[in-house]
Amino acid sequence: MSALRDAESAIVRAEAVRVANYPSLELTEARQKLVAAHAAVAREEMTLASRLAEQARLDAELATAIAETIKIQRVNEEMRRGTEVLRQELERQRPTTENRP
Amino acid sequence: MIPCRNSPASRVAFAAVLSAVLAGCASAVKDPGADRARAALLELQADNELATRAPVAIRDAENAVRAAEQPQDDPAVAKQLAYVAERRVAIAKALAERRHAEDQLGSLTAEREKVLLGARTAEAEMARQRARTAQDRAQSALDEARSQQAAAEEARAETEMLRKQIEELNARPTDRGLVMTLGDVLFATGKAELQTGARNSLDRLVGFLERYPERTAVIEGHTDSAGSESYNLELSQRRADSVRTYLVTRGISPIRIVAQGKGEGYPIASNETAAGRQQNRRVEIIISD
């Protein structure tokens, strides 16, 4: 079933970009739905299986999108903080420069 | 069987009959999730920072929401469509936020570069100031060395000049100071008036005293032993006075000059011979160091 394969590879992608120390509800949901989809296939409830697989794929895609956004936002935050520290460092250095004979 | 939707039968005036008929078939439904998806999409489209940043994902979300808004015979299908719509909107929002963050990263990097450039400029300015200070110090040390050298040169020249002047005065250094001895050629025998020939030696003294204004002079008159002691004392005083007067008329301040008649009491040679007596008849000028 191609919907299942699509869901599986979306989950693999989401795992790959996962942000460390950041629990992703969407990814957990995607995994649970994939398991449920497999169970539905086993019961031969193919319509339900394909719906669950589609949901799992979308959950995983959302998990990926959120993880990538968070990563860049963290880089930004670090950059902002670093620049601020640098600026303060320069401010501290400037007066001593002027006091030098 | 009467179709559930868009059938002329559904517009039949007999409502009771109609509802009874409709109750027998599944009514067309729209999942409440469709409305939530629409609301979230509207919010995303109204956000100026995000609306333009993920156009493809937002169009996909729009299509998914529209599909979810179509009433469905099967509630499970409606529910699935609403779920897809909500997820599509959420994905579009996350993507737009990511693009926004990427743009911010660009301007944050530019700002960092600016601050770093400022840091390098400040550092260069500091280095330039340090170099300038060092250069200034070196220059003033050089200037000082030069002026010390010049001062030493001047002092040496001054000493040399003084030595020459003293030589010209025919003076000799002693414990009391420089002593200049003027022989008896200054005065006629028994007279205290300066002879014309004396002026040359005294003018050299005037020149010297003008050049060294802090120096003072003691003028001592001496005689030989011919004549009475009191006469000699008085004559030596008048002679010393006349030297002093001459110096004063040439512009030397009287407070710098003391005239003393010493009489015959300080001979420098024997009074027994004519040559000795001539040596004893003299004026000595003692110049302070």
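The values are calculated or read from the model by the stated rules, or taken from the named source; none is laboratory data. What you are looking at is a predicted structure, and each value in this text was computed from that prediction instead of being measured. Because the Cβ atoms are built from the backbone with ideal geometry, glycine has one as well, and the counts that use them run over all protein chains shown.
So A:LYS33 ticks every box in (1) within 10 Å of another protein chain (Cβ to nearest Cβ); (2) over 20 Å from B:LYS93 (Cα atoms); (3) in contact with an Asp or Glu (Cβ under 8 Å, 6 or more places away or on another chain) but one. Which box is left unticked?
(1) is the only condition that A:LYS33 fails.
Please go through (1) surrounded by fewer than 17 Cβ atoms within 10 Å (Cβ to Cβ); (2) under 30 Å from B:GLU234 (Cα atoms); (3) within 56 Å of the chain's Cα centre (by Cα); (4) modelled with pLDDT of 80 or more for B:GLU193 and return the number of the only condition it doesn't satisfy.
Every condition holds for B:GLU193 apart from (3).
Could you grab me the full set of residues in the stretch A:51-97 that are of a type in the set (S, T, N, Q) and within 9 Å of chain B (Cβ to nearest Cβ)? Working first, answer last.
So in the stretch A:51-97, the residues of a type in the set (S, T, N, Q) come out as A:55, A:64, A:69, A:73, A:76, A:83, A:88, A:93, A:96-97.
Those that are of a type in the set (S, T, N, Q) and within 9 Å of chain B (Cβ to nearest Cβ): A:GLN55, A:THR64, A:THR69, A:GLN73, A:ASN76, A:THR83, A:GLN93, A:THR97.
When the residues of the stretch B:71-99 are narrowed to those that are surrounded by 22 or more Cβ atoms within 10 Å (Cβ to Cβ) and of a type in the set (Asp, Glu), which ends up farthest from the other protein chains (Cβ to nearest Cβ)?
This residue is B:GLU86.
Applying the selection to the stretch B:230-289, what residues are of a type in the set (Val, Ile, Thr) and assigned to a helix (DSSP H, G or I)?
If we filter the stretch B:230-289 for residues that are of a type in the set (Val, Ile, Thr), which is where we start, we get B:243, B:245, B:248-249, B:252, B:255, B:257-258, B:268, B:273, B:283, B:285-287.
Listed by number, the residues that qualify are B:VAL243, B:THR245, B:VAL248, B:THR249, B:ILE255.
May I ask you to list pairs of residues, at least six apart or on different chains, whose Cβ atoms are under 9 Å apart, with the first in the stretch B:109-131 being on the phi > 0 side of the Ramachandran plot and within 10 Å of another protein chain (Cβ to nearest Cβ) and the second being exposed (fewer than 14 other Cβ atoms within 10 Å of the Cβ) and of a type in the set (Ser, Thr, Tyr)?
If the second residue must be exposed (fewer than 14 other Cβ atoms within 10 Å of the Cβ) and of a type in the set (Ser, Thr, Tyr), no pairs are left.
Here is a yes/no grid of residues against (1) among the charged types (D, E, K, R); (2) on the phi > 0 side of the Ramachandran plot; (3) part of a loop (DSSP other than H, G, I, E, B):
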| site | (1), (2), (3) |
| --- | --- |
| B:GLU144 | yes, no, no |
| B:GLU154 | yes, no, no |
| B:GLU158 | yes, no, no |
| B:VAL179 | no, no, no |
| B:GLY190 | no, yes, yes |
| B:THR196 | no, no, yes |
| B:LEU209 | no, no, no |
| B:ARG215 | yes, no, yes |
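Just wondering, is there one or more residues in the stretch B:140-157 that are within 14 Å of chain A (Cβ to nearest Cβ) and either more than 28 Å from the chain's Cα centre (by Cα) or surrounded by fewer than 12 Cβ atoms within 10 Å (Cβ to Cβ) (or both)? Walk me through it before giving the result.
Initial filter on the stretch B:140-157 (within 14 Å of chain A (Cβ to nearest Cβ)): B:140.
From the residues that got through so far, the ones that are either more than 28 Å from the chain's Cα centre (by Cα) or surrounded by fewer than 12 Cβ atoms within 10 Å (Cβ to Cβ) (or both) too are B:140.
Scanning the stretch B:140-157 turns up at least one residue that is within 14 Å of chain A (Cβ to nearest Cβ) and either more than 28 Å from the chain's Cα centre (by Cα) or surrounded by fewer than 12 Cβ atoms within 10 Å (Cβ to Cβ) (or both).
What's the total number of residues in the stretch B:51-68 that are touching a residue at least 40 places away in the same chain (Cβ under 8 Å) and either touching a Lys or Arg at 6+ places or on another chain (Cβ under 7 Å) or part of a helix (DSSP H, G or I) (or both)?
Final tally of qualifying residues: 2.
Okay, residues lined up against (1) within 14 Å of the chain's Cα centre (by Cα); (2) hydrophobic (A, V, I, L, M, F, W, C):
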| residue | (1), (2) |
| --- | --- |
| A:THR28 | yes, no |
| A:LEU34 | no, yes |
| A:ALA39 | no, yes |
| A:LEU48 | no, yes |
| A:GLU84 | no, no |
